[in-house]
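The block underneath contains the structure these notes are about, expressed in structure tokens.
Each reported figure results from applying straightforward, stated rules to the coordinates on display, with no laboratory input. Remember, it's a predicted structure, so these values are computed and weren't measured experimentally. Every residue, glycine among them, receives a Cβ derived from its backbone with ideal geometry; neighbour counts consider all protein chains shown.
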Amino acid sequence: MGMFAEIIAIGPFSRSIVGHMEYPEDFYKDTHEGVPVLRRLFTVYQGSTVSRKMADCFGIEAWDFNGHHLDPVRADLDKLREMFDVREVSAFLALREAGFQFYFMLNG
């Protein structure tokens, strides 16, 4: 079994990020400003090689748990744009701007 990975984003809810969240806008109509919300980004199902390549986009080694709390400023946006859909990268940038924290999560 290969490694699967994704980025977990956790941060304060605001109306400005609704368009970048996973669920339809209507699902957030009763969500209070500032409440912590989660968003999965950059999910990789293709296995270990692609998961390691994604980790490299954030300047970390996949199995180094010391680096799993990511510094979003270190993200290599060009590499992310090569690997992922423009909507995912746009969501990452919007959530980064909104003060979210990002974590590398792997399974494998």
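Working ranking of peptides 18-30, 52-64 by packing, defined as the average number of other Cβ atoms within 10 Å per residue, highest first, is 52-64, 18-30. Using the alpha-carbon atoms, what tilt in degrees (0 to 90, nearest 10) does helix 86-97 show relative to the longest principal axis of the chain? That works out to roughly 70 degrees. Taking the Cα centre of the range 4-107 as reference, the dipole from Cβ charges on Lys and Arg (+1) and Asp and Glu (-1) amounts to some 40 debye. Only helical runs count toward this figure. For the chain, summing -39,500 (n - 2.57) over DSSP H runs of n ≥ 4 and dividing by all residues gives -8000 deg cm²/dmol at 222 nm. Treating the angle as unsigned and between 0 and 90°, give the value, to the nearest 10°, between the Cα long axis of helix 48-57 and the longest Cα principal axis of the chain. Taking Cα atoms only, the helix is inclined about 60 degrees.
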